[in-house]
Amino acid sequence: MEKYIDLIKNSYSGYWNYLKNELLLQNNWDNYFYGLIAISLIVWLLEALFPWRKDQRLFRKDFWLDTFYMFFNFFLLNLIILIALSNTAAEFLNDVLKTIGLTTSSFQLFDVDDLSRWLGLCIFFIISDFVQWNTHRLLHRIPWLWNFHKVHHSVKEMGFAAHLRYHWMEPVVYKSLLYIPIAIIGGFDAQDVAIVYFFSIAIGHLNHANLGWDYGKLKYVFNNPKMHIWHHAKEMPEHVRFGVNYGLTLSIWDYLFKTDYVPHSGRDIELGFEGDEQFPKDFFNQELYPLKTKANKLS
């Protein structure tokens, strides 16, 4: 037990020092704090130059709430819970495996160090994105998880910052399941992960932006604003009542598994979910909502 307590303490102090370094000292290209700001400003500028919904304000409804969510979920949430939880869970899993004579490396199919850098990154990206696509489906199909995911679907006007409006429980679910591909594929350094992370953030921002793009033929590979708007549609046909277009970065999974749905442009459709009129409008009550609400089936 003492080992786990020390691990939690070290996780907090280590991440706090890392965060200070990101904010004040580090000037490398893979600085997550300034990288997020740069991507956000670029996509926001694109919204200003090429708005899809012409009557939507640049400072749209809930712009500042989503901006707060963006920095809270990207940085402060890690400090408060995720880093300590992730490190402790990983160590606990290793200890359990050791009792039966195994380690996480026992499940490693190959090491990316044996491959070219870009081939290894591509494999890691594809596997991770597929795991996240399936996790996203679970958030819509399992009632108690849907209550957490409602925070993200409470967005009523789409903009880049809506990408990172989500309940703190979501990354717990995502990161837990993402541990599988990380265990299967080993050997990445921090800069390799940063490449994939920044690319995914950029695509996610674009998906939620006020932009009418579908990337032409590439729409069958990459998620895009015209496709993702339908994921947030308030009214859906009965045959897709649990949702559509679950892709995070890649759209190919939806086309392969027949969960794609883009009946028309979707520019002016109503966003949200049934009963969102009663959904809390402020950060703290949105965070508390799943804890106060019984799991209901998605309507």
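Values quoted throughout were computed directly from the atomic coordinates according to the rules given, and no laboratory measurement underlies them. Because the structure is a prediction, the values reported are computed rather than measured. Cβ sites come from the backbone with ideal geometry, for glycine too, and all protein chains shown count toward neighbours.
Multiplying the residue separation of ASN17 and PHE50 by 0.36 nm and removing their Cα-Cα distance gives an extension gain of 7.9 nm. Near ASN73: Cβ cut-off under 13 Å, other residues only, Lys/Arg at +1 and Asp/Glu at -1. The net charge is -1.
Remark: LEU206, LEU115, LEU145 ranked as LEU115, LEU145, LEU206, counting other beta-carbon atoms within 10 Å and listing the fewest first.
Taken along the Cα-to-beta-carbon direction at a fixed 7 Å, the label points for GLU270 and PHE68 span 2.7 nm.
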